[in-house]
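Here's a structure for you.
The values are calculated or read from the model by the stated rules, or taken from the named source; none is laboratory data. Bear in mind the structure is a predicted one, so any value in this text is a computation, not a measurement. Heads up, the Cβs are rebuilt from the backbone with ideal geometry, glycines too, and the neighbour counts pull from every protein chain shown.
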Amino acid sequence: MPFDFQRARPLLHAGELTKLFVEELGWEPCRQKLILRAGETDYAFTAIAEKRGFTAWLCARADGSLPDHTTRLKLDRALAHTSFEHLIVFATPDRAQQSWVWVRREPGRPLSARTHEFNRAQPGDSLLQKLQVLYVSLEEEEQGGLLRGAPPVIICPARGLPKRIPPEWKTPVADGRLLILSIFPSTESRITADLATRRNELVAALADQVFVAYATPGGRLETSLRQELLPPMPAECNKLIATVDDGTESEEE
């Protein structure tokens, strides 16, 4: 799904960050909440979206204040114990002022936090360009390895089938190794939280086994999959659900 600046820009300006990540960046909805302390102050965090274990968090204080740079970095380090790879948006309640902090941890490279200050008076294109780089990086990780391998792959987008097949899909499709499957009409061209949930339920219903590379604890993905897979089922419909997070969760029904 191409990243569309024309659609993303008004969402950024309106502070519709969940829609920005889910509908324009193609991330999964997430609703986890936690409280972190820096000094003598508590900060409430809400996870708004996640993709491949990379979680976007929002921290908006009711008093309208933004933590200073040092405090933001302390909170970022504290959050890493819960969410290893993440992005934080510190924002005023009306989202008019936003401070973005994100860290990608890559083997063999020094750890560094990237920051960007945004206010509603700005066009926001420089921030959207950085999000586009992150978007492309995660998309390549998600699909590149699978499509370069030998096993067959099924891609189930949370929208209608694309009008044009991305170039990197053409060879696997021609080889009969890639199937693109969607239950949605072509008029559903944008991802929504509802479509993502329905797509996940479809995949869970069709699969014999389900492996989840990462699901935020208590998030929408984990909740919907557990509702689909874990209720009592006939013996011939037994399925395996496994997640990889901290290596402690593996459950068989």
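Could you figure out which of (1) modelled with pLDDT under 85; (2) surrounded by 14 or more Cβ atoms within 10 Å (Cβ to Cβ); (3) of a type in the set (V, I, T) isn't true of I180?
Failing condition for I180: (1).
Within region 66-96, work out how many residues are more than 17 Å from T41 (Cα to Cα) and either modelled with pLDDT of 90 or more or hydrophobic (A, V, I, L, M, F, W, C) (or both).
9
Say we look at region 61-80 and pick out the residues that are assigned to a helix (DSSP H, G or I) and hydroxyl-bearing (S, T, Y); which of these is surrounded by the fewest Cβ atoms within 10 Å (Cβ to Cβ)?
Of everything passing the filter in region 61-80, T70 is surrounded by the fewest Cβ atoms within 10 Å (Cβ to Cβ).
Looking at region 105-135, which of the residues that are in contact with a helix residue (DSSP H, G or I) (Cβ under 8 Å, 6 or more places away or on another chain) and of a type in the set (K, R) is modelled with the highest pLDDT?
The residue in question is R120.
Inside region 22-40, can you point out the residues that are under 17 Å from the mean Cα position of the chain (by Cα) and at pLDDT below 90?
V22, E23, E24, L25, G26, W27, E28, P29, C30, R31, Q32 - these are the residues of region 22-40 that are under 17 Å from the mean Cα position of the chain (by Cα) and at pLDDT below 90.
Every residue, every condition in (1) among the aliphatic types (A, V, I, L, M); (2) in the same structural domain as L127 (by TED's automatic domain parsing); (3) touching a His at 6+ places or on another chain (Cβ under 6 Å); (4) not in a strand (DSSP E or B), yes or no:
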site	(1), (2), (3), (4)
R31	no, yes, no, yes
L36	yes, yes, no, no
A44	yes, yes, no, no
T55	no, yes, yes, no
C59	no, yes, no, no
